[in-house]
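FYI, it's all coordinate maths here, none of it is from the lab. From a predicted model like this one, the values you see are computed outputs, not experimental measurements. Here Cβ is always computed from backbone atoms with ideal geometry, including for glycine, and neighbour counts include all displayed protein chains.
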Amino acid sequence: MQVDILSLFPEYFEGPLKLSILGRARENGLLDVRLVDIRRFTTDKHGRVDDKPFGGGPGMLMMPEPVCAAIRAVRREKTRVIYLTPQGAPLTAKRCEELAKEEHLVLLCGHYEGIDERAIESEVDEEISIGDYVLTSGCPAALVLLDATARFIPGVLGHEEAAASDSFQEDGLLEGPQYTRPREFEGKSVPSVLWEGNHAEIAKWRRQAAMQKTKLVKEIV
Ligand code: 4GY
């Protein structure tokens, strides 16, 4: 999968993208990420990419021209352009799994107070939100979307079952607790069913633990 991340701070992504699972996916050619600086596409003589909102209000907006020019420069025949915004549809594991099948994603990151609506109307296919809160820019949201989507690209995790079962089991339950060695830690033992080797009992225990966890979290929310 190819991904172009369009932002005013391409350096923001450099660290996370070279580390761990995403770093390995890029080295293995499973994920091809390009960082595009929207400022490169300004035609303003002072290199400006932002201006005051019509109608007044605090802060600045990104001008439509450099945003459209940047998207048009990277767009190909099969490109899906996603704008990260709290006004978008909530990101889900299901949407990530679908996006992982796309050939080319463009992740558009807003800065300041947002982007002139005409650029969004003309070039954006889909608006996605990673949650009901406001970030200082779309960059962390783009990283979250890319990270959660990359897990569904075959070969990225190395062990394919994990992509589906982590966190959201097929039935919508949250994953229960997990344990590794030592068998006893600071007076707390690993539930004995997990080391006794009865796989049917282990499955039963995990399902029960997942239901308990799901119920607990729902009570908090
Ligand atoms: N939540 N989900 C989010 C966000 C903030 C554009 C600058 C979110 O996706 N993006 O909070 N983005 C951005 C939006 C202008 C601030």
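Structure notes:
- Tail beyond 20 Å, pair distance distribution of the chain (Cα, percent): 66
- Axis of helix 64-74 versus longest Cα principal axis of the chain: the two differ by about 60°, to the nearest ten degrees.
- The range 72-137: Rg to Rh, with Rh as the Kirkwood radius over Cα pairs: 0.96
- Amide H partners (placed H, <5 Å) of residue 60, local residues excluded: 113
- Near the amide H of residue 8, within less than 5 Å, lie the amide hydrogens of 38, all on another chain or at least 5 residues away, with H placed in the peptide plane.
- Counting only DSSP beta bridges whose two residues both lie in the chain, roughly 20 percent are antiparallel.
- Estimated from helices alone, the mean residue ellipticity of the chain at 222 nm is -10500 deg cm²/dmol (sum of -39500 (n - 2.57) over DSSP H runs with n ≥ 4, per residue).
- The antiparallel fraction among DSSP beta bridges confined to the range 26-124 stands at about 25%.
- Each residue of the range 95-107 is assigned a 3J(HN,Hα), and the resulting list reads 5, 4, 4, 5, 5, 5, 8, 6, 7, 8, 10, 10, 9 Hz, derived from the Karplus form 6.51 cos²θ - 1.76 cosθ + 1.60 (θ = phi - 60°), x at Gly and Pro.
- The C-alpha atoms of the chain define a longest principal axis, and helix 199-220 lies at about 50 degrees to it.
- Sites residue 136 and residue 44 - FRET efficiency at Förster radius 22 Å, r taken between beta-carbons, to 0.05: 0.40
- Principal-axis tilt of helix 139-150 within the chain, Cα atoms, nearest 10 degrees: 50
- Distance in nm between pseudo-label sites at residue 198 and residue 52 (7 Å out along the Cβ direction from Cα): 7.5
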